[in-house]
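Notes for the one structure printed next.
The values are calculated or read from the model by the stated rules, or taken from the named source; none is laboratory data. None of the values given here were measured: they were computed from a predicted structure. Counting neighbours? That spans all protein chains shown, and the Cβs are built from the backbone with ideal geometry, glycine included. For the accessible areas, the whole protein counts, side chains as well, though only heavy atoms, and no ligand, DNA or RNA atoms are used. Shrake-Rupley method; radii C 1.70, N 1.55, O 1.52, S 1.80 Å.
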Amino acid sequence: MTRDEEARAILKGNDRGGYTVPTAGLYPYQWNWDSVFAALGFAEHDMARAWDELDTLFAGQWNNGMVPHILFHKVDPGYFPGPDVWRGVGLIPSSGISQPPIAGTFVRWLLEMDESFAARAEALVPKLVDWHRWFMTWRCEGGAIVVTHPWETGRDNCPDWDGPFAAIEPVGIESYRRRDTTHVVEEERPLQAQYDRFLYLVKLGAESGWDEAHLREANPFRVADPTMTFTLLRSTRDLLVLAERFGGPRDEIAGWIATMEEGAERLWNAEAQTYDTFDERAGRHSGVVSNASFLSWYAGVGGDRMLPQLERVMGLETYGIPSTDPAHPAYEPKRYWRGPVWAMMNLLIAKGLAEQGHGEWAGKITENTRAMIAENGFAEYFDPRDGAPAGGRNFTWTAAVWLAWASPTAGRNAWAA
């Protein structure tokens, strides 16, 4: 079986009928940005199924516009924390937080790949507008986008959160049993002290009924994040293109873009010379160069001010961009978001570099990702030193990234060129 055939088989095996799970066992539900990457993978061989994935995701949108980071379509007792802990308030049982809003960009990409699905794209535009408006209403601080839980960023346990977490005492959480470490070795997962704080923040949100006005004041964790700011800014640029074609509040959307372009500067850490998280409660940057730092090109901001960091980090490791700078003291090459390489982040970074005129760097990251997957399969993430697989296996978004971008055959798609 070729890698292309294996990737298609993984998508099929993780398909639960209208949505995919990231991988069986470890993640048995529909995750927000995982699902959007899955759509891009399905588009390689089944465009209708790609749009079904997005429609199922937006079926879980809350009345306030938020699209949750997990939709619990079918209860699975093997996962914790489940819907009884989250107590989401949408029509579909869900978590109470969102995830990086890449969907607007991917809707535009899918449409560019096949114009015959224009009606499917048009139907999603109002829902995308509502989601983006939720971010701009409740999560915009001086133009940068803040998060109220690390899981919202997708970069769950990265060193960026060590400072904010040190100020949190996770009181009042009930005893619990983690399920993730029954699927993946503990050395590749978040520490228990981090998990306690994850659950404390879930408890705060659930007890408030996920009242954003209350949480804006009461939540001790409120951090402006490059992942969220840069993906929302990019997605909003693409949403404006969609609104100009299909109709929508173009002036409002353009205003959001201008606000975030200005706000992105709040994430620039002049001392560390990198885009960086900013703890709104403590009033300071984390001082971490992460793979999210390099999404600035994807967002279309910052010019080439990140090039020195790119050159340095790419010179340290073999396979694309590690989730944490290998020179940082908190770097752990196998522990989730504290060091490993993630293929889907490599894709976003490379796309941004190519679009901003850095085709050579984009090509290097593409080739590194291609070699990493070809040699080591479809793992959740990889050791940046040798590409060794880590985390879950048979992973949806790694298979999708391969089909859409990293595979030697992906060049037949105009999008991947």
For segment 147-270, taking Cα atoms only, what is the radius of gyration to one decimal and the Dmax to the nearest whole Å? 18.0, 52
Which cross-chain or sequence-distant (5 or more) residues have an amide H under 5 Å from the amide H of ASN269, H modelled 1.01 Å from N in plane? THR274, TYR275, ASP276
Expressed to one decimal in nm², the mean projection of the alpha carbon convex hull of segment 45-114 is 5.6 nm²
Can you give the Rg/Rh ratio of segment 284-415, where Rg is from the C-alpha atoms and Rh is the Kirkwood radius? 0.95
Viscosity 0.692 mPa s, temperature 37 °C: give me the Stokes-Einstein translational D for segment 207-285 in µm²/s, with Rh taken as the Kirkwood radius over C-alpha pairs. 227 µm²/s
Mean projected area in nm² (Cα convex hull; one quarter of hull surface) for segment 1-105: 6.8 nm²
Would you kindly calculate the mean projected area, averaged across all directions, of the convex hull enclosing the Cα atoms of the chain, in square nanometres? 17.7 nm²
Where the chain is the region considered: accessible area per residue in Å², 1.4 Å probe: 35 Å²
Quick check on my link table: of LYS334/LYS364; LYS74/LYS364; LYS127/LYS203; LYS127/LYS351; LYS203/LYS334, which ones sit more than 32 Å apart, alpha carbon to alpha carbon? LYS74/LYS364
Phi to ³J(HN,Hα) by Karplus 6.51 cos²θ - 1.76 cosθ + 1.60 over segment 214-228, Hz, x for Gly, Pro: 5, 5, 4, 9, 8, 6, x, 9, 8, 10, 6, 10, x, 4, 5
Which of the trypsin sites (Lys or Arg not before Pro) found in segment 169-229 are in a DSSP loop and have at most 11 neighbouring Cβ atoms, other than their own, within 10 Å? ARG177
Carbon and sulfur atoms account, in whole percent of the 1.4 Å probe accessible area of the chain, for 49 percent
Tell me, how many Å apart are the Cα centres for segment 170-231 and for segment 237-313? 24 Å
At what distance in nm do the modelled label points of ARG177 and ASP84 sit from each other, each positioned 7 Å from its Cα along Cα→Cβ? 1.3 nm
Consider all pairwise Cα distances in segment 348-413 and report the whole-number % of them above 19 Å. 32 percent
Say R0 is 30 Å: what FRET efficiency, to the nearest 0.05, do ASP304 and GLU244 get from their beta-carbon distance? 0.55
Using Stokes-Einstein with the Kirkwood hydrodynamic radius over Cα pairs, what translational diffusion coefficient do you get for segment 77-116 at 25 °C and a viscosity of 0.890 mPa s, in µm²/s rounded to a whole number? 192 µm²/s
